[in-house]
Amino acid sequence: MELPNSARAVVIGGGVAGCSVAYHLARLGWSEVILVERHELTEGTTWHSAGFVGQLRSTVTQTKMIMYSAGLYPELAELTGMDPGWRGVGGLRLATTPERVEESLRLAGAGETYGLGLSVLSGAEAKEMLPLLDVRDVRAALWLPGDGWLDPALLARALAAGAEKLGVRIFTGTRVTGLDVVGGEVSGVRHARGAEEWSVQADTVVIAAGAASGRVGRLAGVDIPVVPIKHQYVVTEPFDVPSSMPTVRDPDNIVYFREEGGGILVGGYIRNPEIWDTGHPLEEPRTLFAADMPKFQESWESAARRVPALGRTGIVKVVHGPEAFTPDGEFLLGETAVRGLWTAAGFCVHGLAAAGGVGKIMAEWIVDGSPEYDVFGMDLRRFGGHARSSSWARAKALDSYSKYYDIVYPGEERTAARPLRRSPAWVRHAELGAEFGEKSGWERVNWFKSNAGPSPEAREAPGGRGALEDQEAWETRGDREARPAGWAGRVWSPAIRQECLATRDAAGLFDQTSFSKLEISGHQALMRLQRVCAGQLDRPPGSIVYTQLLNERGGIEADLTVTRLAEDRFRLVTGTAFGVHDAAWLRGHGLDVRDVTSAHACYCLWGPRALDILGTLSDDDLTFGYMRAREISVGNVPVLAQRVTFVGEFGWELYCPSEYGLTLWDALMEAGTPYGMRPAGYRAIDSMRLEKGYRVWGMDITPETTPVEAGLGFAVAKDKDFLGRSALEAAARRLACLVLDDPRQVCLGGEPVRLGGEPVRLGGEPASRVTSGGYGHRVERSIAYAYLPAGTAPGDRAEVGVTGTWVGATVVAEPLYDPASDRIRHLPA
Ligand SMILES: Cc1cc2nc3c(=O)[nH]c(=O)nc-3n(C[C@H](O)[C@H](O)[C@H](O)COP(=O)(O)OP(=O)(O)OC[C@H]3O[C@@H](n4cnc5c(N)ncnc54)[C@H](O)[C@@H]3O)c2cc1C
């Protein structure tokens with residue numbers, strides 16, 4: 001069969017991902033789709049995969065994708081006449097420590113919110129299901145009846161057969177050697193078939209080349225930070241293991257197993273993984289590495305403790321193969337920096353389980369412009385420019401792999417490849433004992449240890465405990481008094497409360513330099529922005545507008561402020577991690593965007609003494625109104641002051657060119673300290689923004705929620721047309737504020753552990769999940785947000801599942817703090 005001269009879409013890679021993308025593109029009605037594979041189908045990583053399909057993942061979207069896959073795989077046999085060998089045996093996930101039990105309970109609660117059938121069993125019940133298990137140390141087990149396993153190569157072939165049935169043409173033995181890019185858009189793919197060379201014109205190309213995706217991406221000059229890492233499993237000789245054996249995951253021992261040919265297949269993660277260090281991944285078909293039994297020793301011993309019969313059984317097969325890992329252990333999906341060039345890669349030992357969902361998402365994204373699910377956590381554009389660095393990607397990927405099964409506690413920070421991006425004031429933060437967190441490579445202050453103890457005045461008073469060395473003692477006392485129960489109190493400091501109270505009573509100084517800042521200018525800038533923003537931007541220069549960018553379904557693709565710097569110049573400020581994503585969305589809608597993030601430092605001075613403090617440093621009129629921006633001088637530093645807040649107190653975001661950043665920080669600290677101002681961090685911001693009901697994109701609002709549902713109707717212009725407007729109907733659900741009866745029980749919501757948020761019940765029935773939660777120190781309440789049926793009203797009762805315990809909660813009017821916003825709108829008295 002000859003390659004065509006042109007195609008509507010070219011999918012590169014005949015593994016399970018490429019076959020699924022091609023199948024789903026065809027299912028959405030695309031004709032003239034071709035798939036090219038350099039070897040035979042599946043001869044990259046797919047053929048040797050262990051075949052597990054486990055539905056429970058750390059994010060809602062991944063779990064939904066895998067649930068979709070699990071539903072698709074059994075159907076494929078019927079659709080194509082090819083049976084992917086699905087064994088719906090169910091799965092057990094064991095917990096042997098109190099922490100793992102807590103995680104299991106959280107997972108079970110989260111599972112309830114998206115209809116994933118699962119239950120919590122005792123060790124004895126797990127043993128009843130699988131008598132081979134030694135459960136003496138098992139405290140609980142999750143039972144996932146929808147889990148199972150299948151034959152990986154058969155699955156890929158069934159997807160390929162389905163694709164072919166729908167008109168996709170598949171070319172094996174066809175190697176991609178070049179990608180043509182014209183004016184930033186992909187225009188064609190060059191191939192080699194034996195000695196022959198072929199060019200196919202196409203303006204949609206999907207790189208699904210597994211561990212070779214980084215290399216293929218470089219043909220077009222794009223960075224796909226895939227890191228090939230070696231992964232191993234073994235198969236034992238048969239010993240009458242029943243084929244109905246459920247799959248087992250034992251995360252505390254970082255091993256997993258299932259039945260295979262009457263024996264057991266044992267796979268394991270290890271603490272010292274090895275990169276497949278090659279410039280030419282997957283060049284040979286069916287690449288496997290020599291067995292490395294010393295590296296597998298610990299996994300094998302752990303497995304033999306769990307299944308003692310293994311100690312009497314021989315190993316008949318070792319599979320040691322390459323897999324594509326990523327810097328954060330999440331998939332790499334979406335459009336690259338080259339228009340029309342997409343990727344679906346980096347499946348971190350879940351490609352098989354996820355492939356159905358990956359195909360669905362990718363096809364919807366390519367055909368409709370946005371997928372049904374919120375995919376930001378997997379969006380290729382979540383990294384900064386440093387994703388180009390292979391040393392960065394490798395350090396991160398090795399770290400993610402080695403901690404794959406570890407519990408990540410809320411607020412716990414990974415340490416690999418840090419510090420990377422630093423604010424000009426970072427050195428001062430470090431001097432003050434900042435506890436740093438990392439986002440998109442930025443070092444951001446979570447809290448300052450120096451705030452954990454008494455106020456500076458009390459410390460200096462006669463008999464006061466002066467030095468910073470005393471902090472540990474103060475923290476311990478503070479912990480006892482105020483530390484939230486359970487996981488929410490694990491990574492925590494009394495400093496957070498002090499920072500909130502100082503911001504309420506005097507002022508807080510927050511370093512938000514990591515904000516993403518985008519500029520758009522030109523005579524068509526307003527007209528084009530008006531088309532993509534739901535808010536009304538046609539306001540005088542100096543105005544700031546809080547707005548959302550919507551997709552065709554009315555879902556929120558971005559949430560940002562737009563400052564009109566001049567008639568034809570706008571600056572957009574969005575979250576630290578969202579700049580690349582938001583810029584791509586805007587570019588995709590015809591806007592010319594400049595990312596100026598690195599050009600400006602940003603410090604936020606908020607609190608009732610902010611006017612006094614800034615007044616000592618500036619001769620400018622500082623009384624300009626809320627949602628207005630002015631150029632001012634602060635000390636010797638030129639500053640753009642934006643009168644906005646994310647904590648509900650009077651004040652400004654102060655932007656200066658980066659090189660003035662340290663000087664500005666020092667000036668503000670010196671001026672503010674006598675007024676009781678404290679430097680403060682992101683955990684305080686998060687507490688205060690909850691009290692004010694300010695939404696966070698990716699948690700409270702996502703591409704799956706509309707502004708009407710999210711209670712952001714006030715930010716939607718009534719007097720203009722914009723993308724997504726026609727989809728904004730009356731909402732059947734609304735984002736509601738709940739207050740928990742027990743203030744020490746604190747919800748974590750969808751972040752940072754990202755288990756999908758605590759379940760919420762109304763009238764004893766599953767209703768929703770918490771999008772974000774936390775403790776509000778100014779209102780002294782435990783707050784949670786969740787989407788509830790539109791008829792729900794303040795005073796209604798609900799229950800929130802905090803780690804397996806149902807805590808009573810009441811729906812309340814929001815915001816809880818300063819509902820009339822007097823503290824924001826008016827100058828401090
Ligand atoms: C030991 C091991 C066990 C695993 N167990 C499981 C499991 O139990 N469950 C699970 O869900 N996942 C598991 N995985 C992971 C899973 O196998 C992978 O995530 C999945 O197979 C990846 O599929 P893919 O299509 O992305 O990549 P691949 O299957 O590698 O496909 C990529 C294809 O692209 C082709 N290609 C590359 N370069 C070019 C080019 N220039 N031109 C044309 N074609 C090209 C390659 O030849 C290859 O066929 C396991 C992985 C390993 C290593």
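Count of the range 532-575 residues, restricted to those that are touching a Gly at 6+ places or on another chain (Cβ under 6 Å) and part of a strand (DSSP E or B), is 3. Could you check, for the range 60-75, whether at least one of its residues is within 23 Å of the chain's Cα centre (by Cα), open to solvent by less than 10 Å² (accessible area, probe 1.4 Å) and at pLDDT 95 or above? Looking through the range 60-75, none of the residues is within 23 Å of the chain's Cα centre (by Cα), open to solvent by less than 10 Å² (accessible area, probe 1.4 Å) and at pLDDT 95 or above. Please verify whether Pro251 is open to solvent by less than 20 Å² (accessible area, probe 1.4 Å), within 14 Å of the ligand (Cβ to nearest atom) and in contact with a Lys or Arg (Cβ under 8 Å, 6 or more places away or on another chain), treating the condition exactly as stated. No: the conditions fail for Pro251. Number of residues in the range 793-819 that are of a type in the set (Phe, Trp, Tyr) and closer than 10 Å to Arg761 by Cβ: the value is 1. Among residues of the range 265-290 being of a type in the set (A, V, I, L, M, F, W, C) and touching a residue at least 60 places away in the same chain (Cβ under 8 Å), the one that is nearest to Arg38 (Cα to Cα) is Leu282. Every condition in (1) buried (at least 24 other Cβ atoms within 10 Å of the Cβ); (2) within 10 Å of the ligand (Cβ to nearest atom) is met by Val206 except one, and the failing one is (2). Val532 falls short of the stated requirement of being aliphatic (A, V, I, L, M), open to solvent by less than 40 Å² (accessible area, probe 1.4 Å) and more than 15 Å from His589 (Cβ to Cβ). Looking at this structure, is Val318 hydrophobic (A, V, I, L, M, F, W, C), assigned to a strand (DSSP E or B) and touching a residue at least 60 places away in the same chain (Cβ under 8 Å)? Taking the combined requirement at face value, the residue satisfies it. Selection over the range 172-188 of residues that are part of a strand (DSSP E or B), within 9 Å of the ligand (Cβ to nearest atom) and open to solvent by less than 60 Å² (accessible area, probe 1.4 Å) gives a count of 2. Taking (1) out of contact with any helix residue (DSSP H, G or I) (no Cβ under 9 Å at 6 or more places or on another chain); (2) modelled with pLDDT of 95 or more in turn, Leu132 satisfies each apart from (1). The residue that is nearest to Trp665 (Cα to Cα), counting only those in the range 393-439 that are part of a loop (DSSP other than H, G, I, E, B) and hydrophobic (A, V, I, L, M, F, W, C), is Ala425.
Suppose the filter is open to solvent by less than 20 Å² (accessible area, probe 1.4 Å) and out of contact with any Ser or Thr (no Cβ under 9 Å at 6 or more places or on another chain); does Gly437 pass it? Yes.
Within the range 159-171, being in contact with a Lys or Arg (Cβ under 9 Å, 6 or more places away or on another chain) and either within 14 Å of the ligand (Cβ to nearest atom) or of a type outside the set (A, V, I, L, M, F, W, C) (or both) holds for Gly162, Ala163, Phe171.
All told, Pro308 falls short of being within 10 Å of the ligand (Cβ to nearest atom) and surrounded by fewer than 16 Cβ atoms within 10 Å (Cβ to Cβ).
If only residues of the range 117-158 that are among the acidic types (Asp, Glu) and away from the ligand (no atom under 16 Å from the Cβ) are counted, the one that is least open to solvent (accessible area, probe 1.4 Å) is Asp134.
Residues in the range 209-223 that are more than 8 Å from the ligand (Cβ to nearest atom) and surrounded by 24 or more Cβ atoms within 10 Å (Cβ to Cβ): Gly214, Gly217. Restricted to the range 193-203, and to residues there that are touching a residue at least 12 places away in the same chain (Cβ under 8 Å) and open to solvent by 10 Å² or more (accessible area, probe 1.4 Å), the residue that is nearest to the ligand (Cβ to nearest atom) is Arg193.
The values are calculated or read from the model by the stated rules, or taken from the named source; none is laboratory data. Keep in mind it's a predicted model, so treat the numbers as computed, not measured. Neighbour counts run over all protein chains shown; Cβ positions are idealised from the backbone, glycine included. Quick note on the areas: whole protein, heavy atoms, side chains included, nothing else; ligands and nucleic acids left out. Shrake-Rupley method; radii C 1.70, N 1.55, O 1.52, S 1.80 Å.
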